[in-house]
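What follows is a single structure, written as structure tokens, with notes after it.
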Amino acid sequence: MLERRLIRRWRRALGAIVPLLVLVVRPVAAPAVGASTRGGHYPVLLAGAGASAEYVLVAEGCAELRCLVLDRYDPVTRRFTRVVRPPLSPVRDSPSGDLERLVFASARLGAALVGQNGTTQQVYVTRDGARTWRRVNFGAPSVIDVAAGGGALYAVLGRCREVRGALRCHDYRLAHATSGGGWSSVSVPSSVTVDPFPTSTGPQLGPVAVYGRRVTIAQISTGRTTPVRVSVDAGRTWTTWEVPWPTLASVDGCSLTPTSPSALWAFCPTGMQVSFFHSDDGGRTWKAVAQGQFSGTGGGFFVAASSEVAYLDYGYPRHVLDVVRAPDLVPRRVGPLPCASVTSETFSDVAHGAIICTANPSPYAAPRLMVSSDHGLHWREEAIP
């Protein structure tokens with residue numbers, strides 16, 4: 001899902017400049033729509049919700065939206081609990097419909113970004129562990145994205161319109177869910193945005209990462225530095241740190257994963273390749289992961305498990321798991337993954353991981369939910385009831 005959203009951002013940002021840059025990096029894990037699954041259940045998407053829960057979108061008996069349900073999975077007790085999926089609309093060749101993003105700030109608080117049109121996307125929020133969902137009406141602004149971390153849930157708003165296939169936005173706002181059940185929003189000052197392609201996209205905010213009241217944005221590199229915007233009061237005031245290039249160099253801003261108020265991991269697409277970085281001082285300074293060549297089209301993944309540990313799979317032609325530990329950030333071999341194609345992954349902590357993958361590369365192969373409780377050394381298939 002992360003890769004699919006990255007491609008959509010690339011397409012919007014660069015559509016007026018490089019109209020042929022429309023790639024499907026990693027398809028949603030599912031047999032072809034309409035293909036028989038022999039009445040079985042297969043996983044479609046994973047969404048982490050902390051150490052005690054993961055949410056699994058499951059297709060029951062077919063690869064169409066009408067068969068899609070949502071389960072909550074406890075990685076410790078290995079128990080599945082049926083909950084309610086957010087309202088979705090069908091989309092051709094997509095078993096998850098028009099779901100763009102599913103995030104959870106905790107086992108109870110989460111949000112679904114729904115809709116493929118960037119100007120009319122909607123947000124549904126649950127505050128009771130996906131037992132119920134309620135659409136949030138933010139008024140006139142478009143909903144650009146949702147983000148969660150450190151128990152907090154945010155929505156990125158703006159006034160947007162499509163221009164020659166690119167999404168142009170201005171008047172950005174940052175809204176966060178309050179404990180009383182409502183939302184509080186603040187205007188994002190223009191000094192926080194960048195305008196890397198003035199003739200095509202207008203000012204851009206960049207991918208937003210949150211941890212509690214701390215908000216961090218790594219912008220597109222401008223000149224010799226990459227601006228990192230940081231707010232410690234939910235977007236009311238901002239500090240900018242200029243990170244020397246080529247650290248955090250990216251075609252559309254790095255996607256950041258905060259794992260504590262001071263620790264962040266960065267996923268930085270640089271065209272067809274991806275680079276990774278780590279910060280232990282809140283984003284002021286960064287150190288590169290000593291990785292090999294990672295292709296954005298290779299079907300691999302990079303996922304943070306804690307403030308000091310991340311897991312890396314380079315993907316094609318052979319899925320092998322490496323562990324990356326701070327501060328040296330040198331990938332070290334854990335072992336092979338029992339997969340031909342990985343399409344969704346999450347680690348609820350350093351020991352417990354879950355991936356959705358197929359045993360062979362056939363587009364008609366049914367995906368499996370594979371789980372590990374020993375730091376990724378051994379994996380077993382988890383039967384979905």
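The values are calculated or read from the model by the stated rules, or taken from the named source; none is laboratory data. Just so it is clear, the model here is predicted, and its values are computed rather than measured. Please note: Cβ atoms are built from the backbone with ideal geometry, for glycine as well, and neighbour counts cover all protein chains shown.
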Among residues of segment 330-345, those that are more than 13 Å from His375 (Cα to Cα) and buried (at least 18 other Cβ atoms within 10 Å of the Cβ), counted: 7
Where Gly376 falls short, out of the listed (1) in a loop (DSSP other than H, G, I, E, B); (2) at pLDDT below 95: (2)
Residues being among the polar types (S, T, N, Q) and under 16 Å from the mean Cα position of the chain (by Cα) - total across segment 117-154: 0
Total residues in segment 215-244, condition surrounded by 19 or more Cβ atoms within 10 Å (Cβ to Cβ), part of a loop (DSSP other than H, G, I, E, B) and at pLDDT below 95: 3
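Counting only residues that are assigned to a loop (DSSP other than H, G, I, E, B) and buried (at least 19 other Cβ atoms within 10 Å of the Cβ), which one in segment 181-195 is modelled with the lowest pLDDT?
If we filter segment 181-195 for residues that are assigned to a loop (DSSP other than H, G, I, E, B), which is where we start, we get 181-182, 188-189, 193, 195.
From what is left, the residues that are buried (at least 19 other Cβ atoms within 10 Å of the Cβ) are 188, 193.
On the way: Val188: 93, Thr193: 85.
It comes out as Thr193.
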Residues satisfying the stated conditions in segment 139-162, i.e. crowded, with 24+ Cβ neighbours inside 10 Å and among the hydroxyl-bearing types (Ser, Thr, Tyr): Tyr154
Arg368, sole failed condition from (1) in contact (Cβ under 8 Å) with a residue 60 or more places away in the chain; (2) under 18 Å from the mean Cα position of the chain (by Cα): (2)
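The rows are residues; the columns are (1) touching a Leu at 6+ places or on another chain (Cβ under 8 Å); (2) assigned to a strand (DSSP E or B); (3) touching a residue at least 40 places away in the same chain (Cβ under 8 Å).
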residue: Thr77; (1), (2), (3): no, no, no
residue: Pro86; (1), (2), (3): yes, no, yes
residue: Glu100; (1), (2), (3): yes, yes, yes
residue: Arg108; (1), (2), (3): no, no, no
residue: Ala112; (1), (2), (3): yes, yes, no
residue: Gly129; (1), (2), (3): no, no, yes
Any hit, segment 245-263, residues being more than 23 Å from Phe104 (Cβ to Cβ) and part of a strand (DSSP E or B): no
Counted residues, segment 309-328 - those being touching a strand residue (DSSP E or B) at 6+ places or on another chain (Cβ under 6 Å), surrounded by fewer than 21 Cβ atoms within 10 Å (Cβ to Cβ) and in a loop (DSSP other than H, G, I, E, B): 1
Any hit, segment 113-124, residues being modelled with pLDDT of 95 or more and over 23 Å from Cys160 (Cα atoms): no
Qualifying residue in segment 289-297 (condition: within 21 Å of Gly376 (Cβ to Cβ), modelled with pLDDT of 95 or more, in contact with a Phe, Trp or Tyr (Cβ under 8 Å, 6 or more places away or on another chain) and in a strand (DSSP E or B)): no
Matching residues, segment 302-320, being closer than 17 Å to Ser275 by Cα, modelled with pLDDT of 95 or more, of a type outside the set (D, E, K, R) and in contact with a Phe, Trp or Tyr (Cβ under 8 Å, 6 or more places away or on another chain): Phe302, Val303, Ala304, Ala310, Tyr311, Leu312
Filter result for Gly139 (assigned to a loop (DSSP other than H, G, I, E, B) and on the phi > 0 side of the Ramachandran plot): yes
Pick from segment 75-87, criterion modelled with pLDDT of 95 or more and either touching a Ser or Thr at 6+ places or on another chain (Cβ under 8 Å) or aliphatic (A, V, I, L, M) (or both), ranking: surrounded by the most Cβ atoms within 10 Å (Cβ to Cβ): Pro86
Total residues in segment 145-180, condition outside any loop (DSSP other than H, G, I, E, B), farther than 12 Å from Ala112 by Cα and not aromatic (Phe, Trp, Tyr): 21
Residue under evaluation Leu57, criteria (1) part of a loop (DSSP other than H, G, I, E, B); (2) farther than 23 Å from Ser306 by Cα; (3) under 19 Å from the mean Cα position of the chain (by Cα), criterion not met: (1)
Residue within segment 163-178 that is over 19 Å from Gly110 (Cα atoms), among the basic types (Lys, Arg) and buried (at least 23 other Cβ atoms within 10 Å of the Cβ) present: no
Among (1) touching a Pro at 6+ places or on another chain (Cβ under 6 Å); (2) of a type outside the set (Val, Ile, Thr); (3) over 30 Å from Tyr316 (Cα atoms) - the single one Ser255 does not satisfy: (3)
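What number of residues in segment 273-283 are touching a Gly at 6+ places or on another chain (Cβ under 9 Å) and either loosely packed, with under 15 Cβ neighbours inside 10 Å or not hydrophobic (A, V, I, L, M, F, W, C) (or both)?
Final tally of qualifying residues: 1.
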